[in-house]
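See structure below.
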Amino acid sequence: MNKRKTSGFCCFFILSGFCALAQPAQTGTNSSMIQTLRVSIADEPLSDPLIELGGNKQVEINFDALEQNFNRFAYSIEHCEADWNRSSLVPVEYMNGFSGLTIDDFANAIATTTPYTNYRLLLPNEEVQFKISGNYAVRIYRENEPDKILLTACFSVVEPLLTISAEVSGNTLNDFNGEHQQLNFFIDHKNLSVTHPQTDIKLFVYQNRRRDNAVTGLRPSSILNNRLVYDHNRDLIFEAGNEYRRIEFLSHTYNGIGVENIQFHNPFYHTTLQTDFPRARRSYQYDEDQNGRFLIRCSRCADPDTEADYDIVHFTLQSEPYPDGEVYIQSDIYNNVLNEKSRMEYNYDTGAYEKAVLLKQGNYNYQYLFVPDGSTCGETSLLEGNYYQTENEYTLFVWYRPFGARYDRLVGTSIVTK
């Protein structure tokens with residue numbers, strides 16, 4: 001992409017405090033100045049950030065900075081193990097290139113109420129190429145403040161050395177066409193010599209890109225020549241959940257999908273959504289969602305990256321309070337992380353869970369999860385319900401690390417939907 005020019009503008013935000021780097025690596029921001037962080041395959045905005053080693057596709061890291069003047073951002077790249085903890089390798093072992101390179105593709109917002117600068121980084125590029133497969137974390141910071149990480153963007157690079165065949169069924173060890181879905185699959189590794197499959201192969205399974213209910217530590221139920229079989233495993237039973245809720249706001253002149261009203265209160269437009277209600281114990285209704293993703297769009301604009309405006313969006317979930325846990329918004333809005341940023345507050349005056357979120361115009365998916373006290377895993381049963389018909393997306397990552405190897409190699413991936 002060609003370099004885009006930038007200029008200064010006024011800022012309405014005060015930078016939040018910077019957080020210490022958390023382990024394992026997770027896509028997210030450490031400052032309220034950084035908004036709308038997206039990590040995907042370039043020119044495929046709804047894709048997962050996963051590319052082949054030596055292939056012709058690039059990962060695109062896209063974000064907005066809401067600040068008074070243009071600042072030059074730089075980035076460093078870390079290689080991570082299967083669990084997203086940093087590997088022991090040094091940069092020269094996993095990439096050609098150097099840390100501290102700057103992001104030179106940027107452009108100012110055009111005719112928006114909220115001023116911002118949009119930044120894009122493509123990897124690999126002329127200055128950085130990857131040597132090995134694995135998980136990667138890009139740390140972005142101001143060029144003159146390398147110790148203050150503004151955001152982390154995570155993606156994966158695969159060397160496809162094996163094949164995966166998988167299916168999702170409502171017929172599970174827990175119930176038949178009930179509230180769960182079970183994943184069964186086998187791995188064909190005829191092109192990869194695996195001496196000790198029980199220990200050399202490691203798997204991670206994600207439902208709709210969530211990490212809170214990810215499954216790992218799996219062992220094959222049977223080993224047949226070059227085939228590893230994983231079936232009838234209780235660890236591969238997931239809550240079926242429900243289709244994601246959807247909203248759309250593309251303009252300030254009309255209400256979009258799920259929008260109650262739009263009002264301007266200087267300096268922001270406020271988009272109030274229609275009130276949500278728990279969907280448990282209701283009949284299942286199919287809806288074509290994007291499994292928690294969002295897409296930046298705006299009405300009558302040529303480039304949503306620089307022409308879409310920002311609104312403060314008000315979410316309301318009418319419900320009794322749940323004193324034995326917390327309610328969260330789960331979505332790519334929050335990079336599927338359940339923390340203080342995504343947690344909702346209960347308003348006893350209105351009898352509802354509420355949250356106001358600064359969002360860029362577009363289409364968004366989301367759902368509400370309940371996390372019981374003492375747990376880190378979100379549950380759909382209480383607020384969304386569980387229906388075996390729900391279309392979910394399951395992503396499998398297969399890692400290979402024989403005895404004596406120094407890092408986890410990502411040797412196979414597969415995405416299967418119910």
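Taking only protein heavy atoms and a 1.4 Å probe, the accessible area of the chain is 47% carbon and sulfur. Relative to one another, the C-alpha centroids of segment 207-222 and segment 331-399 are positioned 19 Å apart. Sorted on the mean count of surrounding Cβ atoms within 10 Å across their residues, most packed first, peptides 364-372, 163-171 read 364-372, 163-171. Taken along its principal axes, the alpha carbon cloud of segment 31-130 reaches lengths of 45, 28, 27 Å, longest axis first. With no solvent and one equal point scatterer placed on each C-alpha of the chain, evaluate the Debye formula and give log10 I(q)/I(0) for q = 0.07, 0.10 Å⁻¹, two decimals. Each listed q corresponds, in turn, to -0.35, -0.74.
The length gained on full extension between Arg227 and Phe70, counted as 0.36 nm times the residue separation minus their Cα-Cα distance, comes to 51.1 nm. Take segment 172-213 with all the other protein chains still there, run a 1.4 Å probe, and you get 45 Å² of accessible area per residue. Annotation for segment 182-268: chymotrypsin sites (Phe, Trp or Tyr not before Pro) lying in DSSP loop with at most 14 further Cβ atoms inside 10 Å of their Cβ are Tyr254. Here the Karplus curve 6.51 cos²θ - 1.76 cosθ + 1.60, taken at θ = phi - 60°, turns the phi angles of segment 328-339 into couplings of 10, 8, 10, 4, 5, 3, 10, 6, 6, 9, 9, 8 Hz, with x standing for Gly and Pro. For segment 375-391, there are no residues whose amide N sits under 12 Å from a probe point set 7 Å from the Cα of Glu340 along the beta carbon direction. For segment 157-197, the alpha-carbon radius of gyration amounts to 1.63 times the rule-of-thumb value 2.2 N^0.38 Å expected for a compact globular protein.
Legend: Rg and Dmax of segment 100-212, from Cα coordinates, 21.4, 61 Å. Largest mean-square fluctuation among Pro304, Pro323, Pro45, in a Gaussian network model of the chain whose springs join Cα atoms under 10 Å apart, belongs to Pro323. For the listed peptides 58-64, 315-321, a ranking on the average number of other beta carbons within 10 Å per residue, highest first, reads 58-64, 315-321.
Where Lys and Arg each count +1 and Asp and Glu each count -1, what net charge lies around Tyr348 among other residues with Cβ under 12 Å from its Cβ? Net charge around Tyr348: -4.
Note on segment 271-418: percent of Cα-Cα distances in each 5 Å bin, starting at 0 and stopping at the bin with the largest distance, equals 2, 8, 13, 18, 17, 14, 11, 8, 5, 3, 1, 0, 0. The translational diffusion coefficient of segment 161-314, from Stokes-Einstein at 10 °C and 1.306 mPa s with a Kirkwood hydrodynamic radius over alpha carbon pairs, comes to 81 µm²/s. The 3J(HN,Hα) values that the Karplus relation (6.51, -1.76, 1.60; θ = phi - 60°) gives for segment 169-176 are, in residue order, 10, x, 8, 10, 6, 8, 7, 10 Hz. Gly and Pro appear as x. Between Arg406 and Ala280, the distance separating the two model label sites (each 7 Å from Cα on the Cα→Cβ line) works out to 5.0 nm. Among the trypsin sites (Lys or Arg not before Pro) found in segment 272-333, those both in a DSSP coil and sparsely packed, with 12 or fewer other Cβ atoms within 10 Å of their Cβ, are Arg281, Arg282, Arg300.
Close lysine pairs were tallied over the chain: pairs 8 or more places apart or on different chains with Cα atoms under 26 Å apart number 16.
Cα-based radius of gyration for segment 120-178, normalised by 2.2 N^0.38 Å, reads 1.91. Using the Cβ-Cβ distance between Ser32 and Asp175 with R0 set to 56 Å, the FRET efficiency from 1/(1 + (r/R0)^6) comes to roughly 0.80. Computed over the Cα atoms of segment 347-418, pair by distinct pair, the Kirkwood hydrodynamic radius stands at 17.1 angstrom. With helices as the sole contributors, the chain gives -500 deg cm²/dmol at 222 nm; each DSSP H run of n ≥ 4 counts as -39500 (n - 2.57), and the sum is divided by every residue. Measuring nothing but alpha carbons in segment 341-387 and taking Rh as the Kirkwood radius, the Rg to Rh ratio lands at 1.00.
The values are calculated or read from the model by the stated rules, or taken from the named source; none is laboratory data. All values reported here derive from a predicted model rather than from experimental measurement. Cβ coordinates were reconstructed from backbone atoms using ideal geometry, including for glycine residues, and neighbour counts include every protein chain displayed. We work out accessible area using only protein heavy atoms, side chains counted, and drop any ligands, DNA or RNA first. Shrake-Rupley method; radii C 1.70, N 1.55, O 1.52, S 1.80 Å.
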